[in-house]
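Laboratory data are not the source of any read-out in this text; all were calculated from the coordinates shown. As the structure is a computational prediction, the values presented were derived from the model and not from experiment. Backbone-built Cβ (ideal geometry, glycine too); neighbour counts: all protein chains shown.
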Amino acid sequence: MVAKICMVLIFVGVAVGVGLYCRRTTTSVDGFVLGGRNVGPWMSAFAYGTSYFSAVVFVGYAGQFGWKYGIAAVWAGIGNAILGSLLAWWVLGPRTREMTHRLGATTMPEFFGKRFKSKGLRIASAAIIFVFLIPYTASVYNGLSRLFGMAFGLPYEVCVIGMAVITCLYVVLGGYMATVMNDFLQGIVMLFGIVAVIAAVILNNGGFSEAITTLSQIPAEGSQMAGPFVSMFGPDLFNLLGVVVLTSLGTWGLPQMVQKFYAIKSGPAVKQGAIISTLFAFVVAGGSYFLGGFGRLYADKIEIGPTGIPVYDSIIPTMLSTLPDILIGIVIVLVLSASMSTLSSLVLTSSSTLTLDLLQGNVVKKMSEQSKLGWMRVLIVVFIIVSAALALVQYNSSITFIAQLMGISWGALAGAFLGPFLWGLYSGRISKAAVWCSFIVGVCLTSGNMVLTLMGTPLIASPINCGALAMLLSLIIVPVVSLFTKSVPFEVNPPSPEGAIDREYQHELAVERKGAE
């Protein structure tokens with residue numbers, strides 16, 4: 001217990017210390033939100049990876065999908081590495097950095113507003129981000145708190161409040177640079193920690209061969225397949241594909257993920273970051289799902305819900321509870337690292353979006369640089385309080401699985417933004433109407449399905465598959481609707497930055513900046 005407490009205290013001390021150190025970078029909005037757009041490849045890649053993988057993946061997804069699909073759940077980790085990391089960096093990275101620099105966009109809503117010359121799109125996307133980042137944040141609290149409860153016997157409420165306070169401290173103090181510096185340190189812990197935990201769990205079950213042999217003898221409910229949990233594609237390939245699409249393609253439309261490309265300092269750094277981020281994802285995501293694949297070896301110890309279905313969020317904590325205390329301490333720091341980095345990214349994205357895209361020019365007509373920074377810091381606190389409260393309410397509600405909350409959040413956000421953002425980067429023939437259609441379909445499909453689920457008549461039984469469908473529809477709807485509606489012209493390959501935006505709109509931007517000042 002002393003060792004575990006010391007590890008956590010050291011972690012907290014380092015996080016807050018980094019926040020204090022980075023205060024000097026937070027004197028401007030650009031510095032507070034994007035680190036002055038001068039972040040190197042290693043820090044950018046680790047920030048991307050640690051924001052991607054949190055307690056949601058390690059506890060929620062690894063537990064649930066490892067139980068359902070066995071070793072085949074590793075395909076989700078492979079998809080995260082190739083589609084969610086490598087291709088995302090190759091396709092989105094250079095173009096996002098280039099276009100946001102030209103437009104002077106700091107947030108995703110600001111990109112939509114300036115790219116499609118629409119104040120309405122900017123406000124709507126900011127509102128969507130604020131509403132749907134909250135359940136994702138609550139899901140992160142949930143996963144981490146379960147592990148703390150297992151390791152220290154602390155009440156869920158204490159864990160949620162403690163985590164909220166620590167995150168609030170270092171983000172408010174140090175802004176984006178504090179998050180990426182902490183992400184880098186936390187990412188190193190995650191890499192070593194996941195390897196150590198997998199090795200310990202396999203050794204606990206007699207070694208790799210014996211663990212696989214035991215797993216192969218467990219039947220799957222409703223399947224005649226022999227050895228379903230050690231097969232290449234598992235007992236339910238269709239739903240496994242839904243998991244891969246949601247958790248991999250979703251990053252392409254999530255504001256807290258693509259923001260990492262805004263802040264990276266150069267084109268070559270994007271190429272380096274792509275490789276680093278991909279390797280990180282292979283180890284962390286692939287390792288987490290691989291670990292979860294052995295969850296059924298602990299079937300007699302796992303908490304069972306009132307309906308007879310395992311409480312999926314309890315699977316990984318149960319597996320880890322059999323490890324030596326020193327390894328449990330490493331796991332706690334590992335998941336704390338992953339979760340704190342994700343939380344910091346979420347709250348920074350939400351507060352900057354609310355300040356720059358909703359309050360500025362709408363509620364508060366004129367905001368100075370210091371006023372913007374003040375509002376962002378206040379809203380960070382507000383966002384953390386609201387999401388922590390939701391986590392506490394959710395803990396006692398019928399939505400008991402982390403994956404449900406993340407599926408709804410990712411599905412709505414990426415379902416709304418993926419098509420408009422990707423096509424908006426590369427095509428000058430996209431219409432404002434097409435963007436609105438994507439927003440409406442993404443939000444209404446996922447939200448409507450959630451309401452119907454609570455009523456007992458879901459349109460799509462799995463929120464994971466619903467979110468994946470929303471993302472695919474977004475990619476299709478935007479170009480199709482644009483064929484029949486008036487496009488918003490934009491010179492996507494200008495000869496120079498000065499020619500990036502038509503002269504009339506450049507004048508509008510200059511007037512807007514002057515008014516803000």
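Among Cys6, Cys466, Cys168, rank each residue by its count of other Cβ atoms within 10 Å, from fewest to most, as a rough exposure measure.
Details: Cys6 11, Cys466 27, Cys168 21.
Exposure proxy ranking, most exposed first: Cys6, Cys168, Cys466.
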Under the 7 Å Cα-to-Cβ spin-label approximation, Val480 and Glu303 lie apart by a distance in nanometres of 4.3
In cubic angstrom per residue, the convex hull of the range 168-253 built on its Cα atoms measures 166
Rounded to one decimal in nm, the spacing of the 7 Å Cα→Cβ label points at Ile218 and Val363 is 4.8
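Between Lys119 and Glu210, what length in nm is gained on full extension when 0.36 nm per residue of separation is reduced by their alpha carbon distance?
Working: separation 91, 0.36 × 91 = 32.76 nm, distance 6.07 nm.
Contour length minus the Cα-Cα distance gives 26.7 nm.
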Per residue, the convex hull enclosing the Cα atoms of the range 261-307 spans a volume in Å³ of 118
In whole percent, the Cα-Cα distances of the range 2-399 spread across 20 Å bins from 0 upward as 29, 57, 14, 0
Assertion target for Ile264, Ile385, Ile123, Ile166, ordered by fewest C-beta neighbours within 10 angstrom first, is Ile385, Ile123, Ile166, Ile264
Taking the alpha-carbon centre of each part, the distance from the range 411-463 to the range 341-375 in Å is 24
Expected sort for 187-194, 299-306 on mean C-beta neighbours within 10 Å, highest first, is 187-194, 299-306
Burial-style ranking of 198-207, 433-442, average other-beta-carbon count within 10 Å with highest first, yields 433-442, 198-207
Computed ³J(HN,Hα) along the range 288-301: with the Karplus parameters 6.51/-1.76/1.60, θ = phi - 60°, integer Hz and x for glycine or proline, the list is 5, 5, 4, 4, x, x, 9, x, 5, 5, 10, 4, 6, 10
For the range 160-313 (alpha-carbon point model, no solvent) the Debye-based log₁₀ I(q)/I(0) at q = 0.09, 0.11, 0.18 Å⁻¹ works out to -0.45, -0.66, -1.30
Ranked output for segments 251-260, 215-224 by mean other Cβ atoms within 10 Å, highest leading, reads 251-260, 215-224
Given backbone amide H placed at 1.01 Å from N, residues whose amide H is under 5 Å from that of Ser431, ignoring those fewer than 5 places away on the same chain, are Ser482, Val488
